[in-house]
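To keep things clear, I will list the structure first and then write my remarks on it.
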Amino acid sequence: MVAVKAETESTKKKELVHSPILTYFSVITLLSTCPPFVILLWYTMVHQDGSILNTFNYLKEHGIEGFVNLWPKPTAVAWKIIACYALFEAALLLWLPGKTVEGPISPTGNKPVYKANGVLAYAVTLVTYISLWWFGIFNPTVVYDHLGEIYSALIFGSLIFCVFLYIKGHLAPSSTDSGSSGNIIFDFYWGMELYPRIGKNFDIKVFTNCRFGMMSWAVLAVTYCIKQYKTNGKVADSMLVNTVLMLVYITKFFWWEAGYWNTMDIAHDRAGFYICWGCLVWVPSIYTSPGMYLVNHPANLGTQLAIAILIAGILTNGKSLVWGKAPSKIVASYTTTKGETKTSLLLTSGWWGFSRHFHYVPEIMAAFFWTVPALFDNFLPYFYFVFLTILLFDRAKRDDDRCRSKYGKYWKTYCTKVPYRIVPGIY
């Protein structure tokens with residue numbers, strides 16, 4: 001356990017890619033402001049016509065008491081909706097068939113094993129949800145009508161869940177890829193365990209990130225469409241474009257889910273507030289916010305503009321190839337914490353010859369295209385687009401710092417060949 005703790009402390013120090021003071025400030029700020037921001041965004045979208053100025057004037061007039069009054073209390077209906085959804089997704093994760101897939105070797109030499117049934121779970125979820133509405137068994141507008149209460153319940157429930165993860169990391173870690181940094185705030189925020197599980201097969205991060213967070217994005221996108229249809233008797237072309245582009249993106253995610261298990265979110269970031277609370281609360285609220293806004297603010301784009309936005313958005317969701325050529329690459333070696341020498345390939349051709357994280361460019365563009373149907377009456381629908389841009393630029397820096405530490409001289413050679421992080425010629 002001493003070796004594991006040493007490895008963890010080393011890892012945590014490497015994660016502090018900014019100055020310690022800035023890191024402390026950022027962590028405390030995010031822990032304290034993200035929960036109320038979710039409620040303020042919902043309130044502004046639903047009750048203040050998406051106008052930040054209206055919400056500001058309300059808070060200016062009513063102060064703290066006004067903020068407390070606008071925060072919806074978790075209700076029995078909200079808890080029931082969350083529980084039914086979570087149990088349904090957990091059952092699909094455990095019981096649906098899927099191919100066995102191995103994740104990357106961890107810093108301590110562990111190799112996680114997953115069951116890749118995401119596409120099937122995604123299809124079953126959407127077919128079940130739409131069928132329940134179609135046959136009159138459940139009305140999805142109930143979800144929208146209780147959305148504030150649902151977010152409120154998720155905020156508090158997920159904070160408790162993160163406390164559970166913290167305690168579990170101390171008392172019953174699932175693997176040797178765990179341990180404390182020695183700082184309770186960082187342990188709670190960044191997490192204690194890399195691959196926490198309940199039992200042998202229930203992977204907590206796969207559930208929070210993929211089956212609860214990403215799946216809820218699709219479910220809420222459909223919910224917003226149905227709510228607009230029930231309210232107005234039709235679905236506006238702006239809502240259709242928004243929903244189709246989001247579902248294309250989410251479908252692509254689940255098709256590629258096994259690849260996601262090799263990314264920073266799963267293979268490097270531990271299970272704490274940053275990842276788990278973010279996927280349980282931030283994804284269902286912030287990521288879906290353009291559609292939330294469009295429910296009560298349908299814009300009529302017209303056929304030509306709607307098709308143009310749709311095509312542009314779909315094209316940005318295309319797959320990046322290496323242009324049909326044999327890829328150029330750097331074979332980089334590195335040493336694990338157990339002293340074993342491994343190798344990885346650093347790609348320097350195709351899109352990755354332009355920049356080291358060029359795949360973030362179409363992701364940012366896709367977010368813009370599924371938001372632009374909201375037009376430009378208010379800024380708030382574009383918050384997710386701005387947030388995603390900041391998130392991915394920060395992630396690119398963190399990933400670069402991690403790779404520099406891991407690959408050493410090979411990464412320096414790679415950066416010489418591919419000097420830009422994201423935007424060629426700019427950054």
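The values are calculated or read from the model by the stated rules, or taken from the named source; none is laboratory data. Remember, predicted model here, so these are calculated numbers, not experimental data. In this analysis, Cβ positions are derived from the backbone assuming ideal geometry, glycine residues included, and neighbour counts consider all displayed protein chains. The protein model used for the area step is the full one, side chains on, heavy atoms only, and it has no ligands, DNA or RNA in it. Shrake-Rupley method; radii C 1.70, N 1.55, O 1.52, S 1.80 Å.
Can you spot a residue in region 273-284 that is open to solvent by less than 10 Å² (accessible area, probe 1.4 Å), within 14 Å of the chain's Cα centre (by Cα) and of a type in the set (Gly, Ala, Ser)? Checked against the condition, which is being open to solvent by less than 10 Å² (accessible area, probe 1.4 Å), within 14 Å of the chain's Cα centre (by Cα) and of a type in the set (Gly, Ala, Ser), region 273-284 yields no hits at all. Please enumerate the residues belonging to region 108-128 that are farther than 25 Å from residue 84 by Cβ and in a helix (DSSP H, G or I). Answer for region 108-128, where residues must be farther than 25 Å from residue 84 by Cβ and in a helix (DSSP H, G or I): there is none. Scanning region 376-427 for residues that are open to solvent by less than 40 Å² (accessible area, probe 1.4 Å), polar (S, T, N, Q) and either in contact with a strand residue (DSSP E or B) (Cβ under 9 Å, 6 or more places away or on another chain) or closer than 24 Å to residue 274 by Cβ (or both) returns a single hit, 389.
Do we find that residue 27 is open to solvent by 20 Å² or more (accessible area, probe 1.4 Å) and not charged (D, E, K, R) in this structure? Spelling it out, it is not the case that residue 27 is open to solvent by 20 Å² or more (accessible area, probe 1.4 Å) and not charged (D, E, K, R). Out of region 125-141, which residues are surrounded by fewer than 16 Cβ atoms within 10 Å (Cβ to Cβ), of a type in the set (Val, Ile, Thr) and either closer than 12 Å to residue 88 by Cβ or touching a strand residue (DSSP E or B) at 6+ places or on another chain (Cβ under 7 Å) (or both)? Result: 128, single match. The single residue among 167, 105, 185 that is part of a loop (DSSP other than H, G, I, E, B), open to solvent by 30 Å² or more (accessible area, probe 1.4 Å) and aliphatic (A, V, I, L, M) turns out to be 105.
Matching residues to (1) under 18 Å from the mean Cα position of the chain (by Cα); (2) aliphatic (A, V, I, L, M):
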site: 367; (1), (2): yes, yes
site: 384; (1), (2): yes, no
site: 390; (1), (2): yes, yes
site: 393; (1), (2): yes, no
site: 401; (1), (2): no, no
site: 413; (1), (2): no, no
site: 424; (1), (2): no, no
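Scanning region 229-256 for residues that are surrounded by 22 or more Cβ atoms within 10 Å (Cβ to Cβ) and either out of contact with any Phe, Trp or Tyr (no Cβ under 9 Å at 6 or more places or on another chain) or outside any helix (DSSP H, G or I) (or both) turns up just one, 238. Among the residues of region 159-212, just one is modelled with pLDDT under 95 and among the basic types (Lys, Arg), namely 200.
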